[in-house]
Amino acid sequence: MSSSLPRVAVIGAGSSGITALKTLVEQGFDVTCYEASDRIGGNWVYENSNGMSACYRDLHINTSRLKMEYSDYPMPESYPDYPRHDQIAAYFDDYVDHFGIRDRIRFETKVEHAARQADGIWVLRASDGTTERFDALIVANGHHWDPRWPEPAFPGSEDFRGEQLHAHEYMNPDGLHDKDVVVLGMGNSAMDIAVESSYVARTTYLAARRGAWIIPKYLFGKPTDQLKNDPRIPFKIRQKAIHHLVKLYAGDPVKFGLPKPDHAFGEAHPTISGRILDRITHGAVQVKPNIKRLDGDEVEFVDGTRVHADVVVYCTGYKITFPFFDEDFVSAKDNRIELYRRVFHPDIPNLFFIGLLQPLGAVMPLAEAQGRWVAEYLRGAYALPAPADVRRFIAEDLAAMQKRYVASKRHTIQVDFDDYLADLAKEIRAGEERARARGCPLPVAPLAGADAEPAAA
């Protein structure tokens, strides 16, 4: 490590945090990674001790293995196209040990508060009673751990005699045996839970707030996300081509009793399932419209129909939150936060976010590219555009997102996998030229000290 480089803290040892940590260590930075759990892997750890994982027992990834792996550490070829959560968690463990970065992670150490002083130094107070100083802070705490319940709650929710739970609480279908289950949502978790419920429950209802295009996991015998998606081809052309293929292979969702999507294909986060249509056609899952209210032990839907319900599962997404920041310092109200290309805070030059995006595809390769980008910046090899240009890009990007995607709290951090990687590579090349023209100065001074000792809080 070099005391001439900024001292860096990383919050979170999930899939995004560990790749940022690995890159920074390779570049010679003094880095400490804080992890609330007793192990790495974050959301992919079933029964994670930190209580924040949304992983359920039979979870399989909806992104293919080749689209998920890090560029310099392939997943085992023995893994299936769509690995289980335990295989993915093991892969992350192997990644950390392969690159020798486990000793940089402080396990079972939660960051309780992160404050930036007037001189730019970050002061982090941890759950073990220590306080440490850092020159730069990377936030990689994930965005699938703070459940967002229906807002407002459905009428009758307080007096409902059955069980209500969020998808985040769902662990396995064991508690659904011989029960009447209503699953609310049309995202990936809703499809998985409805399918699992359909094998053990007395009845399973899938309630839809809006329609969705169902994308199969395979097209032409290959994982769907491995089909060529060239960013050089205009999006509208790619959109129409993929939509045609999906309709050809999976059919129109309306023909399966699902509501007609109120948006064009590609204007909402994709719903990927290879099983839900089969369970619907077999009568194992019954499709219903949105919930109107809960009444005793019944659920009434907006079409006036009513069903008995023992369990209601809300698959209604998550809030983006940073519990270690003061609310008036940095927050994501309504799941919105203004960042340059999803990473750089425009007003705080030593604060970065890794993995805070939602792609069609896996976050991991994108987080890997983001981590390398931040490392390039912190060592002076990359320079940001002028502040006015950064602000202009953020505004234009936000406007483009609002124009393209369905207006909802789910579609605030969307990116296209291949497009994002291509655009980021182009921006890094441009930023390297800017840095050389400016003499490659360090944007963040190493003031915290590489040899700083933890101090009592």
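Which whole-number percentage describes the relative contact order of the chain, with Cα contacts under 8 Å and a sequence gap of 6 or more? Let's see the in-between values first.
Details: 889 pairs, mean separation 98.1, N = 457.
Relative contact order of the chain: 21 percent.
Between region 145-214 and region 79-130, how far is it from one alpha carbon centroid to the other, in angstrom?
31
Treating the angle as unsigned and between 0 and 90°, give the value, to the nearest 10°, between the Cα long axis of helix 85-98 and the longest Cα principal axis of the chain.
Rounded to the nearest ten degrees, it is 10.
Over the residues of region 149-314, compute the C-alpha Rg and express it relative to 2.2 N^0.38 Å.
Here the Cα radius of gyration is 1.11 times the empirical estimate.
Between Thr109 and residues 5 or more places away or on another chain, which pairs have amide H atoms under 5 Å apart, with H built 1.01 Å from N, and which residues are they?
Residues meeting the criterion, in which the H sits 1.01 Å from N, are Glu35, Ala36, Ser37.
How fast does region 1-155 diffuse by Stokes-Einstein, in µm²/s, taking the Kirkwood radius from C-alpha pairs at 4 °C and 1.567 mPa s?
On the way: Rh = 16.8 Å.
D = 77 µm²/s.
In whole Å, what three semi-axes, largest first, describe the equivalent ellipsoid of region 307-457 built from its Cα gyration tensor (square root of 5 times each eigenvalue)? Display every interim value, and only then the final one.
Details: eigenvalues 201, 97, 42 Å².
So the equivalent ellipsoid measures 32, 22, 15 Å along its semi-axes.
Using only helices, what value at 222 nm comes out for the chain when you add -39,500 (n - 2.57) per DSSP H run of length 4 or more and divide by the total residues, to the nearest 500 deg cm²/dmol?
Values: 9 runs with 117 residues, N = 457.
Calculated from helices alone, the mean residue ellipticity at 222 nm is -8000 deg cm²/dmol.
Against the globular-protein guess of 2.2 N^0.38 Å, express the Cα radius of gyration of the chain as a ratio, rounded to two decimals.
Values: Rg = 22.9 Å, N = 457, 2.2 N^0.38 = 22.6 Å.
Normalised Cα radius of gyration, the chain: 1.01.
Given N residues in region 338-426, what is its alpha carbon radius of gyration divided by 2.2 N^0.38 Å? Spell out each step's value before the answer.
Working: Rg = 12.9 Å, N = 89, 2.2 N^0.38 = 12.1 Å.
Computed over Cα atoms of region 338-426, the ratio equals 1.06.
Can you list which of the trypsin sites (Lys or Arg not before Pro) found in region 388-431 are DSSP loop residues with at most 13 other C-beta atoms within 10 Å?
On the way: sites: Arg391, Arg392, Lys403, Arg404, Lys409, Arg410, Lys426, Arg429; in loops: Lys409, Arg410.
Here no loop site has a sparse enough neighbourhood.
Please turn the phi angles of region 370-376 into ³J(HN,Hα) values with the Karplus equation 6.51 cos²θ - 1.76 cosθ + 1.60 (θ = phi - 60°), one per residue in order, whole Hz, x for glycine and proline.
Coupling constants for region 370-376: 5, x, 5, 4, 4, 4, 4 Hz.
Taking H placed 1.01 Å from N in the peptide plane, check which residues at least 5 places from Tyr56 or on another chain put their amide H under 5 Å from its amide H.
It is none; the list stays empty.
Give me the net charge of Gly156's neighbourhood, meaning all other residues with Cβ under 13 Å from the Cβ of Gly156; Lys, Arg count +1, Asp, Glu -1.
Numbers: positive: Arg161, Lys292, Arg293, Arg306; negative: Glu158, Asp159, Asp295, Asp297, Glu298, Glu300.
Net charge in that neighbourhood comes out at -2.
Would you mind giving the average projected area, over all directions, of the Cα convex hull of region 378-455 in nm² with one decimal? Numbers along the way, then the final one.
Working: hull surface 33.5 nm².
Over all viewing directions, region 378-455 projects a mean Cα-hull area of 8.4 nm².
Using a Förster radius of 41 Å, what is the FRET efficiency between Asp93 and Thr321 based on their Cβ-Cβ separation? Nearest 0.05, please.
Values: r = 27 Å, r/R0 = 0.65.
Computed FRET efficiency for Asp93 and Thr321 comes out at 0.95.
Pairwise over distinct Cα atoms, reciprocal of the mean inverse distance: report the Kirkwood radius of region 72-203 in Å, one decimal place.
Details: mean 1/r = 0.0510 Å⁻¹.
Answer for region 72-203: a Kirkwood hydrodynamic radius of 19.6 Å.
Considering only DSSP states other than H, G, I, E and B, which chymotrypsin sites (Phe, Trp or Tyr not before Pro) in region 137-209 qualify as loop sites with at most 15 other Cβ atoms within 10 Å? Could the numbers behind the result be given before it?
Working: sites: Trp145, Phe160, Tyr170, Tyr199, Tyr205; in loops: Trp145, Phe160, Tyr170, Tyr199.
Taking region 137-209 and a limit of 15 other Cβ atoms within 10 Å, the loop chymotrypsin sites (Phe, Trp or Tyr not before Pro) found are Tyr199.
If the chain between Ala437 and Met171 were fully stretched, how many nm would it gain, using 0.36 nm times the residue separation less the Cα-Cα distance? Can you show the working numbers first?
Details: separation 266, 0.36 × 266 = 95.76 nm, distance 5.40 nm.
Length gained between Ala437 and Met171: 90.4 nm.
Give a quick list of GluC sites (Glu not before Pro) in region 327-420 that DSSP marks as loop, anything other than H, G, I, E or B, with at most 14 other Cβ atoms within 10 Å. Don't jump to the answer; show the numbers that get you there.
Details: sites: Glu327, Glu338, Glu368, Glu376, Glu396; in loops: Glu327, Glu338.
Listed in order of number, the matching sites are Glu327, Glu338.
Each value in this text was obtained by applying a stated rule to the coordinates, not by laboratory testing. No experiment lies behind these values; they were computed from the predicted model shown. Glycine gets a Cβ as well: all are built from the backbone with ideal geometry, and neighbour counts include every protein chain shown.
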